[in-house]
Amino acid sequence: MEQEQRYFYTVEKEQEGLRLDQFLAAELSGQSRSYIQKLIKGGKVTLNEKAAKPGSRIQTEDRIVLTVPPLQELSVLPEEMDLDILYEDEDVILINKPKDMVVHPCPGRYSGTLVNGLLAHCAGHLSGINGVLRPGIVHRIDKDTTGVLVVCKTDIAHQSLAEQLKEHSITRKYEAIVYNNFPEEEGVIDAPIGRNPVDRKKMAVEYKNGKRAVTHYRVLSHLNHQFNHVECQLETGRTHQIRVHMASIGHPLLGDEIYGPKSGRKGLQGQCLHARVLGFVHPRTGEYMEFEAPLPEYFRELLGKLGG
């Protein structure tokens with residue numbers, strides 16, 4: 001049986017003045033603010049050892065303790081979905097994820113995710129290493145990123161894929177449309193990524209507290225002197241790695257309103273990023289396998305409009 005989890009925080013200087021619920025929503029990525037407010041109102045949060053309100057303003061050095069109650073298995077139910085399956089066997093299943101689909105449930109959001117669809121399709125036969133909310137999920141891609149994703153059906157497969165990810169031996173190639181022309185046709189970005197110290201909801205290049213992150217890129221085509229179509233190959237897999245790295249060298253992704261211009265292209269929902277290729281050694285056969293998800297329609301249309 002899962003037990004409740006406790007999180008301990010000390011407020012830093014740049015976080016002073018934030019609302020308590022705003023602070024916790026930034027610290028706990030993936031948990032909705034309404035869910036956090038519910039926990040605060042239910043006495044699951046203390047501020048300097050005292051009960052608090054969601055709107056309480058926090059000060060430097062304040063001590064915050066959050067207690068998250070145990071998750072219930074019945075919170076995540078199978079849902080019939082029309083999944084785009086690229087490959088499937090007794091160990092793994094490869095999915096071409098569409099835009100606007102969240103990979104796994106999080107507190108406050110238990111339906112409509114890829115995991116809900118997988119629970120129905122696989123009849124519950126997914127690895128249990130990552131717990132109730134993320135069965136089978138060994139890696140993820142953002143809600144608005146499209147493309148190929150591997151899911152594990154067995155714990156042995158999960159352990160194998162997790163080790164390959166740790167060793168950076170998995171092939172992961174993405175395609176993106178980014179702002180501005182490049183002075184060179186290819187390059188490598190080797191810059192550590194960590195939580196943005198000013199805005200905790202965002203990631204950033206962080207040389208002090210970040211983890212090593214490496215992205216290889218090459219220009220596939222120049223588009224109307226304002227945008228470029230590029231391929232990015234991940235050597236590491238940090239949160240928002242391609243989005244942060246490309247923005248850090250002056251080439252934010254088209255449609256990325258978090259790391260790029262606030263006024264994105266009209267009608268484009270989220271960043272223009274597609275996980276095109278995923279390759280790994282099969283956990284049972286030892287054979288290297290590579291899978292490719294074709295560019296989605298919105299991406300192809302944009303390339304046409306922009307001259308690609």
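The values are calculated or read from the model by the stated rules, or taken from the named source; none is laboratory data. Computed from a prediction, not measured in an experiment: that's the story for all the values here. Backbone-built Cβ (ideal geometry, glycine too); neighbour counts: all protein chains shown. Accessible surface areas use protein heavy atoms only, side chains included; no ligands, DNA or RNA. Shrake-Rupley method; radii C 1.70, N 1.55, O 1.52, S 1.80 Å.
What part of the accessible area of the chain, given as a whole %, is carbon or sulfur when the probe is 1.4 angstrom?
After summing per-atom areas, the C and S share lands at 48 percent.
List the relative contact order of the chain as a percent without decimals, with contacts defined as Cα pairs under 8 Å and 6+ residues apart.
Computed value for the chain: 15 percent relative contact order.
Once a ≥ b ≥ c are taken as the square roots of the eigenvalues of the Cα gyration tensor of the range 233-308, is the result rounded (a/c under 1.5), prolate (a/b larger than b/c) or oblate (a/b not larger than b/c)?
Here the range 233-308 falls in the oblate category.
Let me know the charge dipole size of the range 157-308 about its Cα centre in debye, to the nearest 20, where only the beta-carbon of Lys, Arg (+1) and Asp, Glu (-1) is charged.
With only Lys, Arg, Asp and Glu charged at Cβ, the dipole is about 680 debye.
Under the rule a/c < 1.5 gives rounded, and otherwise a/b versus b/c splits prolate from oblate, where does the range 61-199 land using the Cα gyration tensor?
oblate
For a quick check of your reading of the filter: which GluC sites (Glu not before Pro) in the range 266-308 sit in a DSSP loop and have no more than 12 other Cβ atoms within 10 Å?
Of the GluC sites (Glu not before Pro), the ones in loops of the range 266-308 whose Cβ has at most 12 other Cβ atoms within 10 Å are Glu287.
Long-range amide H contacts for Asp84: which residues qualify at under 5 Å (H placed 1.01 Å from N, peptide plane, sequence gap of 5 or more or a different chain)?
Asn96
Just in the range 196-286: which chymotrypsin sites (Phe, Trp or Tyr not before Pro) are loop by DSSP and have at most 14 other Cβ atoms within 10 Å?
On the way: sites: Tyr207, Tyr217, Phe227, Tyr259, Phe280; in loops: Tyr207, Tyr259.
The qualifying sites are Tyr207.
Roughly how many debye, to the nearest 20, is the charge dipole of the chain about its Cα centre, given +1 on each Lys and Arg Cβ, -1 on each Asp and Glu Cβ, and no other charges?
Numbers: 38 positive and 41 negative charges, 286 e Å.
Roughly 1380 debye for the chain.
Can you give the helix-only mean residue ellipticity at 222 nm for the chain, where every DSSP H stretch with n ≥ 4 adds -39500 (n - 2.57) and the sum goes over all residues, rounded to the nearest 500 deg cm²/dmol?
Roughly -5000 deg cm²/dmol at 222 nm, from the helical runs in the chain.
Net charge within 14 Å of His222 by Cβ-Cβ distance, Lys/Arg positive one each and Asp/Glu negative one each, not counting His222 itself?
Numbers: positive: Arg218; negative: Glu184, Glu185, Glu186, Glu231.
Net charge around His222: -3.
At 7 Å along the Cα-to-beta-carbon direction for both His222 and Glu290, put a label point, then send me their distance in nm to one decimal.
Result: 2.8 nm between the two label points.
Mind jotting down the distance between the C-alpha centroids of the range 1-67 and the range 206-221, whole Å?
32 Å
Among the GluC sites (Glu not before Pro) in the range 156-245, which ones are in a DSSP loop with at most 12 other Cβ atoms within 10 Å of the Cβ? Mind listing them? Can you show the working numbers first?
On the way: sites: Glu163, Glu167, Glu175, Glu184, Glu185, Glu186, Glu206, Glu231, Glu235; in loops: Glu167, Glu184, Glu185, Glu206, Glu235.
Answer by residue number: Glu167, Glu184, Glu185.
Please pull out the direction-averaged projected area of the chain, using the convex hull of its alpha-carbon atoms, in nm² to one decimal place.
16.9 nm²
Please give the length that would be gained between Glu12 and His282 if that part of the chain were fully extended, namely 0.36 nm times their separation in residues minus their C-alpha to C-alpha distance (nm, one decimal).
Net length gain for the segment: 92.7 nm.
Once the piece of chain linking Glu185 and Ser263 is laid out straight, how much longer is it, given 0.36 nm per residue of separation minus the C-alpha distance between them? Don't skip to the end; give the middle numbers.
On the way: separation 78, 0.36 × 78 = 28.08 nm, distance 2.72 nm.
Extending this stretch completely gives an extra 25.4 nm.
Might you tell me the accessible area per residue for the chain, computed with a 1.4 Å probe and given in Å²?
Computed with neighbouring chains in place, this is 50 Å² per residue.
Distance from the Cα centre of the range 250-308 to that of the range 161-188, in angstrom?
That distance is 11 Å.
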